[in-house]
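Values in this text are rule-based calculations from the coordinates and carry no lab data. Given the structure is predicted, the values throughout are model-derived calculations rather than measurements. Every residue, glycine among them, receives a Cβ derived from its backbone with ideal geometry; neighbour counts consider all protein chains shown.
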Amino acid sequence: MALAEQQQTNADSPAALFTGLFGDDGVSTQDTADGISTAWIGRDHIHRALADAKRQGYEMLLDLTAIDERLRQHRAGQPPADFTAVYHLMSFSRNRDLRLKVALPIDDATLPSCCDIWPNANWYEREVWDMFGIEFTGHPFLARILTPPTWEGHPLRKDHPARATEMEPFSLPEEKLEREQEALRFDPEAWGMRRTRDTSDFMFLNLGPNHPSVHGVFRIALQLDGEQIVDAVPDIGYHHRGAEKMGERQSWHTFIPYTDRVDYLGGCMNNLPYVMTVEKLAGIEVPPRAQVIRVLLSELYRVASHLVFYGTFAQDVGQLSPVFYMFIDREKVFDIISSITGGRMHSGWFRIGGVAQDLPKGWDIAIRELLAWMPKRLDHYQKMVMDNSIVKQRTRAIGDYSTAEALDWGVTGAGLRATGYAWDYRKQRPYSGYDQFEFEIPVGASGDSYDRAAVRAEEIRQSLRIIEQCLENMPAGPYKAFHPLTTPPPKERTLRDIETLIQHFVNTTWGPVIPAGEACVGIEATKGINSYYLVSDGGTSSYRTRIRTPSFPHLQMIPLISRDLFIADLIAIIASIDFVMADVDR
C-alpha cells in the first residue's frame, strides 16, 4: 500500500482533531503531495498539541526542522510566515504520520521546547536554532551543535551565503585566533556536568574526535570516577558540510551524487529516498524493472555496509581477524556493484524516474557466485563472533534500552528491532515493490549491544534472500519512466528526435521544473529510517532540502545507556550503534 493511501484523509485525520481542542484559533489543514496529514497550529498551542499527539499514539518525534519562507512564492492556502517550524511525528502502532507546522515572524521567532515530551527533541531544537535562529524557551542547553560556537549567522537562512565565493577570503588574524582558542576551552558545568561530591573534583577524558573507536570525527567528553562513567556528553558537528544548503543550490538532478556522501557506506541506497520524494512531487511512476533494480542495488549496499559494521564491531570488542575476512567479502560485493554501475562506494546510480542505465549482459553471474559463497562465510562468522563467549561477556546487558525508550529517543532500524519490536519500513510501508519479496524481520530481545549486532548479522542473510529473488524474478521492460521530468531521458530516445535531445540538455544542465509543493518519503536505510523532506517552489532546484538521518538521534542516546558503566563498555556501545559521522552531521 502506498504511503499516501496509508495516511488518513483530512476529514478524519488527527490533524483535524486539533480544531476541536483549540477551536479556530490558528488551526488549519494543508494538502501535501505525500498525503501526510498536515496541520498548522498556533504557537501558543503547539506544546499541548504535541503532547496530545503523543497520547493519541504518535510515539516518536521523527524529525524537527524549519523553512525560511521569505523568498518562497507558492504558498497558497498557508498562513503568513517568515519561518515555519515543521514537526514530523510518527505512529508505529498505527502506521501513520502527522506533520504539525507553526508560522513564526522573524522578529519573534520563538517556540516552547518539547524536550519534556520527547527527549530526542534536544538535539533537533539545537539544530533548528543553529541553522535558522529559532529559539526554544525552556531548552536545557540551547547552543550551537553543527557549527562552531563562534559561527556568525544562521546558515540555512536564505540571506546566508551558500558558497565560499560569496564571502570574504578566509583569514585568521591574531585576535580571531585567540577568540577561537578561547571558545575551545572546556567548561564542564556549561555542558551540564555536576560534581558528584563537594569534596571531589572533575576527572575528564576526551574520547575523540580523532580516535579509531569513535568511528569518525566524533568527540565524547567523559566525566569519570576512576574508569566508571559518571556522565558522557557527545560533541558532534566536526563533519558538517552543509549538505542541506547544497541541496538548495544544486538542480534536482545534480544533487543526486551528494546524497551518496551522507551515509557513505550506503552508496546509491541514499539516492533512493531523495529521488522517490522528487517523483512524488512530480507524479512520476517508476517502471517495475527499475524498481527491482533499485531493490537489488540497495540490498547489495546493505550487505556491504553491514559487513563493515560486523567486522569493526568484532574488532572494537577485541577480535582482530574477522574484519579482514569481512572486508574481503565486501570487496566481492563492490566488484558486483562496480560491474553494474561503474562505481564502488559512491555510484550515484539512481535517477529521477528510474536508474542510470539497464543491467549489463552477464550481470547475474557474479551475483550467483556471491549467493553460493556468502552463507557459508556467515556461518563461520557466527561461530567466530556472535557465539564467542568473550564477545557475549563484553556486550550482553551493556547499553540496553527498552522499546519505549527507543521510541522516545528516535531510534529506528536495527537499534529498534533489537528491543524485540519488529518494525521494518520495507514491510510496514513497502516501497519500490518490497511487498513482492519474501524475507523475515530479525529481532532481538534485550535491546543491548549484543542484540544490535545479532540483528544486523541476520539482516545480511535476509538481504541475500531478497537479492536472490531479484535475480530469479527480474521483470522485463524499461529501466526508466517515459516522463518528461525524468533526468536524463533514456539515451536511445535522444538519438531519435531533436525534442528529446533538447530535453536531455535542459534537464541535465538546468534541471527539470518540478511542480510547487512539498513531500517527504522515507526508506529503511542501512542504519534506520532515512527520509528527505523537499519543498519545491516550482523551479529547477529545491527550495528546502531536509535530510532526516538515523544516526543523528542514535548518538544522542549515548549518555543514557552508558552512565555507571566503564570506558571499555562505552567502546562496545559505540561499536554496536553502527553510525557514520557524515550521516550525523550532514
Can you give the net charge of the other residues whose Cβ lies under 10 Å from the Cβ of PRO550, counting K and R as +1 and D and E as -1? -2
Find which of VAL230, SER446, SER28 sits farthest along the positive direction of the dipole of the chain, computed with +1 on the beta-carbon of Lys and Arg, -1 on that of Asp and Glu, about the Cα centre. SER446
Dipole of the chain (Lys/Arg Cβ +1, Asp/Glu Cβ -1, origin at the Cα centre): which of GLY362, GLY266, ALA314 lies farthest to the positive side? GLY362
Percent of beta bridges antiparallel (DSSP, the chain, rounded to nearest 5): 90 percent
Can you tally the net charge around SER446? Count Lys and Arg as +1, Asp and Glu as -1, for every other residue whose Cβ sits under 10 Å from the Cβ of SER446. -1
Dimensions of the range 147-304 along principal axes (Cα, Å, largest first)? 69, 43, 24
Placing +1 at every Lys and Arg Cβ and -1 at every Asp and Glu Cβ, with all other atoms neutral, what dipole size does the range 260-549 have around its Cα centre, in debye to the nearest 20? 320 debye
Expressed in angstrom and rounded, the centroid-to-centroid distance over alpha carbons for the range 37-82 and the range 134-191 is 27 Å
Dipole magnitude of the range 104-196, debye to nearest 20 (Cβ charges: Lys/Arg +1, Asp/Glu -1, about Cα centre): 340 debye
Per 0.36 nm of contour for each residue apart, how much would the distance between GLN393 and ASP116 grow if the chain were fully extended, relative to their Cα-Cα spacing? 96.2 nm
Express in whole angstrom the spacing between the alpha-carbon centres of the range 326-355 and the range 463-487. 15 Å
Among residues other than ILE574 whose Cβ falls under 15 Å from its Cβ, what is the net charge (Lys/Arg +1, Asp/Glu -1)? -1
Please list, short to long, the whole-number percent of alpha-carbon pairs of the chain in consecutive 10 angstrom bins beginning at zero. 3, 17, 27, 27, 18, 7, 1, 0, 0
Of LYS176/LYS527; LYS376/LYS480; LYS332/LYS527, which pairs sit farther than 29 Å apart, going by alpha carbon to alpha carbon? LYS176/LYS527; LYS376/LYS480
Fraction of the pair-distance distribution of the range 260-549 above 27 Å, Cα-Cα pairs, percent: 43 percent
Compute, for the chain, the length of the dipole vector about the Cα centre, with Cβ point charges of +1 (Lys, Arg) and -1 (Asp, Glu) only. Units Debye, rounded to 20. 1440 debye
Here the FRET efficiency for GLU499 versus THR165, based on Cβ atoms and R0 = 41 Å and rounded to 0.05, is 0.70
Relative exposure of GLU127, GLU189, GLU180, judged by other C-beta atoms within 10 Å (fewest first): GLU189, GLU180, GLU127
I need the peptides 301-308, 559-566 ranked by packing, meaning the mean over residues of other C-beta atoms within 10 angstrom, with the highest value on top. 301-308, 559-566
